[in-house]
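Beneath this line is the structure, given in structure tokens, with notes to follow.
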Amino acid sequence: MRRQIGAIRASGNRTAALARITAPTLVIHGDHDRIVRPDGGPATARAIPGARFVSIPGMGHQVHPLAVPRLLPLITEHLSRPA
């Protein structure tokens, strides 16, 4: 976890780079994430034009197997949308 936090801090503000993304984007963030602040997911989605944000109640930074039934339909729907 320390290395990941160090990498996040070292990367600096990426808002301008995120604004250049043109691919359809789904941002998924757990509301119990202890590595990325709760406002990190919505901020990322706001920075990417047309991105969709979904918060997963009870999920932390890692994908827990119990979250998979909630994630699969979100990802499947996202992938089935025309680009």
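Do any helices (runs of 4 or more DSSP H) entirely within the chain hold 1 or more residues that are among the charged types (D, E, K, R) and without any contact (Cβ under 8 Å) to a residue 12 or more places away in the chain, and if so, which? If you could, list the steps in order and put the result at the bottom.
Working: elements: 2-11, 15-18, 40-47, 68-80.
Because the criterion is at least 1 residues that are among the charged types (D, E, K, R) and without any contact (Cβ under 8 Å) to a residue 12 or more places away in the chain, the helices (runs of 4 or more DSSP H) in the chain that meet it are 2-11, 40-47, 68-80.
Return the total of residues in region 29-53 being among the hydrophobic types (A, V, I, L, M, F, W, C) and in contact with a Pro (Cβ under 9 Å, 6 or more places away or on another chain).
If we filter region 29-53 for residues that are among the hydrophobic types (A, V, I, L, M, F, W, C), which is where we start, we get 35-36, 43, 45, 47-48, 51, 53.
Still in the list and also in contact with a Pro (Cβ under 9 Å, 6 or more places away or on another chain): 51, 53.
Of the residues in region 29-53, 2 are among the hydrophobic types (A, V, I, L, M, F, W, C) and in contact with a Pro (Cβ under 9 Å, 6 or more places away or on another chain).
Read the figures in this text as sums done on the coordinates, not as results from a lab. Everything numeric here is computed off the predicted structure, so don't read it as measured data. Neighbour counts are summed over all protein chains in view; Cβ atoms, including those assigned to glycine, are modelled from backbone coordinates with ideal geometry.
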